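Okay, so here's the structure we're looking at.
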Amino acid sequence: MEPAWADWRRLRHAQVPGSVYHWLKDTGSLTARLKGACHGGFRVRVLSQGWGKPLYSERRLLGMRLGEQAIVREVELLCGGAPWVFARTLIPASSLRGPARRLTMLGDRPLGEVLFSDPHMHRGATEVARLQPRHPLFHVATASLKEQPGEIWGRRTLFHLSRQPLLVNEIFLPGLPGVCV
């Protein structure tokens with residue numbers, strides 16, 4: 001079962017906890033904002049990267065055919081070793097042309113730095129969702145946490161790099177300043 005992703009414009013402020021609202025709503029580079037909030041010690045921990053199948057809603061949003069694979073990159077964005085954000089990026093095989101090919105070789109470099117420094121990047125609509133323990137993405141995002149929260153919030157954004165789509169899911173974890181569970 002997947003979370004109920006909703007277009008940001010349809011979500012009322014009252015539906016989202018105030019502690020996470022400003023993180024979800026921000027349209028700038030999350031990497032830059034996290035670095036500013038961390039005051040040093042920011043880093044990316046790559047959990048996995050390789051060919052995989054997108055979730056149904058991810059495939060639909062990316063316009064992928066059934067059975068088509070994507071590069072799936074899952075990372076934690078850390079401050080002082082504490083996970084603040086879990087990020088899951090999907091790059092369809094059909095998007096691995098031109099500038100998007102370099103995204104498969106990021107290593108522990110933040111994706112946000114690459115995307116927001118590229119003049120050919122276009123940011124599409126953002127969807128937000130409340131994730132609960134019954135959602136598979138919840139378990140992947142919270143796997144490294146000592147205590148499991150009752151719920152977490154995330155957003156996903158469709159980006160285009162030189163017209164090639166990729167999807168970035170950002171799940172905000174309880175250690176992030178201002179985020180309470």
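Quick note: the coordinates plus some simple rules give every number you see, no bench work behind them. This structure is a prediction, so every number in the text was calculated from the model and none was measured. Positions of Cβ are backbone-derived with ideal geometry, glycine not excepted, and every protein chain shown enters the neighbour counts.
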Difference of contour (0.36 nm per residue) and Cα-Cα distance, ARG163 to GLU147: 1.7 nm
Size-normalised alpha-carbon gyration radius of the chain, reference 2.2 N^0.38 Å: 0.97
Cross-link reach list, lysines versus LYS146, counting only Cα pairs under 26 Å and skipping chain neighbours closer than eight places: LYS35
Selection from PHE86, LEU96, SER144 lying farthest towards where the dipole of the chain points positive, charges on Cβ: LEU96
Stretch gain in nm, segment ARG134-THR27, where the contour uses 0.36 nm per residue and the Cα spacing is subtracted: 35.7 nm
Size of charge dipole - region 18-172 - debye, nearest 20, with Cβ of Lys, Arg +1 and Asp, Glu -1, no other charges: 320
